[in-house]
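To start, the structure under review is shown below, and the notes come after it.
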Amino acid sequence: MGQPDRVDVREERRRRIREQVVAGGFVRAADLADAFDVSLMTVHRDLDFLQSQGWLRKVRGGATALPSAQFHGSVAERMTTMAQTKQQLARAAARLLVPGQTVLLDDSTTCLHLTRELAEHTPLTVLTNSLPAITALAKEPGVSLIALGGAYFPAYDAFMGLHTADSVAAFRADVLFMSTTAVTRGRCYHTSPETVQVKRAMMAAATRRVLLADHTKFTRDGLYALAPLTDFDVVVVDDGVAREELRGMRERGVEVLVVERG
């Protein structure tokens, strides 16, 4: 057998770097160069590529998988964060459904929890760009499923960007369920322009818009502004949101549904 192809070696190295960052939360570039016996420049090229795919965020001296205003965190990290609360938000949001509706779901892990609640409200037509949601709903007999294609972003496990936004624009939905990375001063923010592009298209395509946001979203920052909370018909939150935050939303005219955590 011959030597492994250079491309194969590079892809394997990047896969292992990705796994190390996700598992440890932070890695030093110098340590990666030593571990893989490559130059620091090669490591930085690897980190640049992985950052462009949404797997990590480069920081001084290395890379991190922890959330920030520029990075939303890996799918694995987000799936384990506030999981029980997200399930409770999803259950409350599902009560807003009416059988026969056409429903838009974004790629958030909060709305992935919502897929588990849909069977009790069928028949439904569901449109989504989330690959896990597509997989979860593919065998649900009461759901007519429409997958929104485009460029696949592995770190988001979803289809994103211009072509996905164009796909959304071809449809009209009765209701949109979506989440957000951060809520600051009454406005939703995200960490990538591709995410904002698709979510704006979804908001434009839906007659009714429902935002699901656990209380941790109100303590975070995001880089790209999406929309004010007043653009949503209902905002579903848990009772961990500060009272002054709730009061501020209601003073702006936002309908807020507060879910008690178990």
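The values are calculated or read from the model by the stated rules, or taken from the named source; none is laboratory data. Here the structure is a predicted model, which is why all the values come from computation and not from measurement. All Cβ positions, glycine included, derive from the backbone under ideal geometry; neighbour counts span all protein chains shown. Just so you know, the surface numbers come from the protein's heavy atoms only, side chains and all, with ligands and any DNA or RNA stripped out. Shrake-Rupley method; radii C 1.70, N 1.55, O 1.52, S 1.80 Å.
Side notes on the structure shown:
- Candidates 60, 116, 15, ranked by Gaussian network fluctuation over the chain, Cα under 10 Å, top entry: 60
- Other residues within the sphere of radius under 14 Å centred on the Cβ of residue 219, judged by their own Cβ, net out at -2 (K and R +1, D and E -1).
- Gain on full stretching of the segment that runs from residue 35 to residue 216 - 0.36 nm per residue minus C-alpha separation: 61.6 nm
- Heavy-atom accessible surface of residue 167, to the nearest 10 Å², is about 40 Å², with a 1.4 Å probe and all protein chains retained.
- Where chymotrypsin sites (Phe, Trp or Tyr not before Pro) fall in DSSP loop in the range 170-262, at most 16 other Cβ within 10 Å: 171
- Where labels lie 7 Å past Cα in the beta-carbon direction, separation of residue 261 and residue 151 in nm: 3.6
- Rounded accessible area of residue 217 (nearest 10 Å², 1.4 Å probe): 20
- Restricting attention to the range 79-171, close to 30% of DSSP beta bridges with both partner residues there are antiparallel.
- Nearest-0.05 FRET efficiency for residue 225 and residue 8, computed from C-beta distance (R0 35 Å): 0.30
- GNM result for the chain, Cα springs below 10 Å: residue of 144, 39, 52 fluctuating most strongly: 39
- Theoretical FRET efficiency, 1/(1+(r/R0)^6), r = Cβ-Cβ of residue 119 and residue 250, R0 41 Å, to 0.05: 0.80
- Area of residue 34 that stays accessible when all protein chains are in place (1.4 Å probe, Å², to 10): 120
- Tilt relative to the chain, helix 6-24 - C-alpha long axis, 0 to 90 degrees, to 10: 60
- Figure note: 244, 120, 140 ranked by solvent-accessible area, largest first, 1.4 Å probe, ligands and nucleic acids not counted: 120, 244, 140.
- Beta bridges by DSSP in the range 105-218, antiparallel share as percent, to the nearest 5: 35
- Computed Rg/Rh of the chain, alpha carbon atoms with Kirkwood Rh: 1.02
- Rounded tilt (10° steps) of 40-52 against the dominant C-alpha axis of the chain: 20
- Antiparallel DSSP beta bridges within the chain, as percent of all bridges there, nearest 5: 40
- Gaussian network model of the chain, springs between alpha carbon atoms under 10 Å - residue of 36, 159, 26 with greatest fluctuation: 36
- Using a simple spin-label model with pseudo-atoms 7 Å out from Cα toward Cβ, residue 233 and residue 208 lie 0.4 nm apart.
- In plain terms, the chain from residue 135 to residue 96 could stretch by 11.7 nm, reckoned as 0.36 nm per residue minus the Cα-Cα distance.
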